[in-house]
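Data block below; observations after.
Laboratory data are not the source of any read-out in this text; all were calculated from the coordinates shown. No experiment lies behind these values; they were computed from the predicted model shown. With ideal geometry, Cβ positions are generated from the backbone for all residues, glycine too; neighbour counts draw on all protein chains shown.
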């Protein structure tokens with residue numbers, strides 16, 4: 001009983017009749033105070049919440065702190081205390097970002113917005129910051145929770161920032177000067193870029209309180225080998241697609257050197273153009289010019305039709321404003337140019353069937369390593385054109401139609417005429433088949449003939465001789481005892 005009472009008292013519920021608490025916790029005090037300067041600080045950073053809170057274990061790893069060091073955390077009933085494992089550095093600006101994830105009150109109301117603040121252990125807090133975005137090079141999409149570290153030298157303080165849900169970051173509290181910035185995906189959570197394991201990018205940047213600095217980092221997976229040509233494939237009568245084992249820069253710093261030879265004749269094929277991307281993604285200038293001509297022809301034809309239609313009073317020409325708005329609605333944002341593992345090559349002539357040898361030099365992958373290679377591919381004979389197949393099919397259909405018509409005529413000629421009557425033993429002629437007068441109703445026989453209105457006399461009742469013959473045998477025997485008794489009385 002005592003245990004049940006203790007469990008009942010430990011339940012986190014509002015008092016009876018009270019409205020549930022829906023107010024999220026908030027930070028009511030930070031010591032040292034934000035934007036303050038505390039020289040020779042040796043205590044713990046104290047963060048006080050407005051009510052008792054649940055703080056997850058490892059909160060020091062979840063929150064972001066610049067300089068990027070390892071911090072110890074101590075959780076109280078309604079407060080959180082932090083300090084660096086190696087102590088506070090002198091004359092350094094410390095900036096903190098308290099996350100919203102995981103910090104809840106006792107009724108699981110979470111913090112709504114993260115809290116950011118800085119304080120100094122002796123250095124002047126200047127409004128020098130670097131902001132920017134972190135992008136994945138293969139997808140062109142922003143990366144969330146990517147870390148960015150700023151180093152001014154080998155022994156400098158590692159300032160940093162972390163990207164948000166749209167890939168944006170802001171590094172505050174940086175002393176003015178030149179930095180080497182490293183953006184990376186911290187997969188092992190050690191806050192250090194591991195170039196052999198994690199995607200990263202680096203750039204030189206200057207932090208100044210006078211002018212804001214914008215930085216764009218494009219993260220690339222680690223790679224130490226150059227790209228190698230894997231295979232070639234014929235994808236059109238004049239088009240060859242080359243596939244590599246790495247993603248190539250798009251566009252290339254310089255156009256790769258590509259040679260294609262006929263293995264039988266050793267003749268070199270003339271190359272018109274080559275583009276980065278698979279054959280279904282690229283559009284060659286000749287193709288785009290042809291497409292533009294076809295669109296212009298279609299527009300001129302449509303203009304001619306519209307001229308003819310303009311004579312009709314029912315058709316109204318669109319106003320210039322509406323045409324402009326329609327054109328603006330049709331404009332869409334262009335897709336980003338992404339790296340690709342393919343180079344598509346357009347030749348000057350049609351590829352004949354046979355085996356070909358292709359070699360590539362000067363291809364650059366996304367890690368800016370130069371490579372290439374050589375391989376062979378086979379061009380198969382082209383299938384028959386659609387026009388010839390259509391003609392052959394139509395000829396075959398006409399021949400089969402003629403044969404079918406003849407066979408139908410022969411079948412109709414060979415069908416024997418139906419007999420007037422069927423002579424089947426044991427079945428009267430009028431029941432073996434429908435009599436001629438019942439096959440179709442003649443004009444003078446509106447109703448059925450007399451012999452068909454009712455059954456013939458011989459079928460309406462059973463003949464007398466058949467009645468006696470079919471009488472039950474027990475009837476005669478039932479009368480015999482009475483006759484014998486009458487005779488005895490007489």
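Values of log10 I(q)/I(0) for region 195-262 across q = 0.21, 0.22, 0.27 Å⁻¹ run -1.08, -1.13, -1.33, by the Debye formula with one identical scatterer at each alpha carbon and no solvent. Exposure proxy for 172, 189, 54: other Cβ atoms within 10 Å of each Cβ, ordered fewest to most, give 189, 54, 172.
Between region 336-359 and region 102-138, the alpha-carbon centres lie 50 Å apart. Per the Kirkwood formula applied to alpha carbons, region 79-157 shows a radius of gyration over Rh ratio, Rg over Rh, of 1.03.
Starting with the fewest neighbours, write out 137, 103 ranked by other beta-carbon atoms found within 10 Å of each beta-carbon.
Placing the least packed residue first, the sequence is 137, 103.
Volume per residue of the convex hull around the Cα atoms, evaluated for region 24-120, comes out as 82 Å³. Does a label point 7 Å from the Cα of residue 48, set along Cα-to-beta-carbon, have any residues of region 57-100 with amide nitrogen under 12 Å, and which are they? So the set is 78-80. When 344, 121, 224 are sorted by how many other C-beta atoms sit within 10 angstrom of their C-beta, beginning with the fewest, the order is 224, 121, 344. Rounded to the nearest 0.05, the FRET efficiency derived from the C-beta distance between residue 31 and residue 164 at R0 = 30 Å is 0.65. Label-to-label distance for residue 348 and residue 252 is 1.9 nm, based on points extended 7 Å past Cα in the beta-carbon direction.
Multiply the residue gap between residue 188 and residue 155 by 0.36 nm, knock off their C-alpha separation, and tell me the result in nm, one decimal place. The partial results should precede the final answer.
Numbers: separation 33, 0.36 × 33 = 11.88 nm, distance 2.31 nm.
Extra length available between residue 188 and residue 155 comes to 9.6 nm.
With both labels modelled 7 Å from their Cα along Cα-to-Cβ, the residue 23 to residue 272 distance reads 7.4 nm. With contacts taken as Cα pairs under 8 Å at a separation of at least 6 residues, region 24-120 carries a relative contact order of 35 percent. What separates the Cα centres of region 209-257 and region 31-59 is a distance of 47 Å. Identify the residues of region 72-104 with backbone N under 17 Å of a label point that sits 7 angstrom from the Cα of residue 40 along the Cα-to-Cβ direction, or state none. Taking a point 7 Å out along Cα→Cβ of residue 40, the residues of region 72-104 whose backbone N falls under 17 Å are 88-92.
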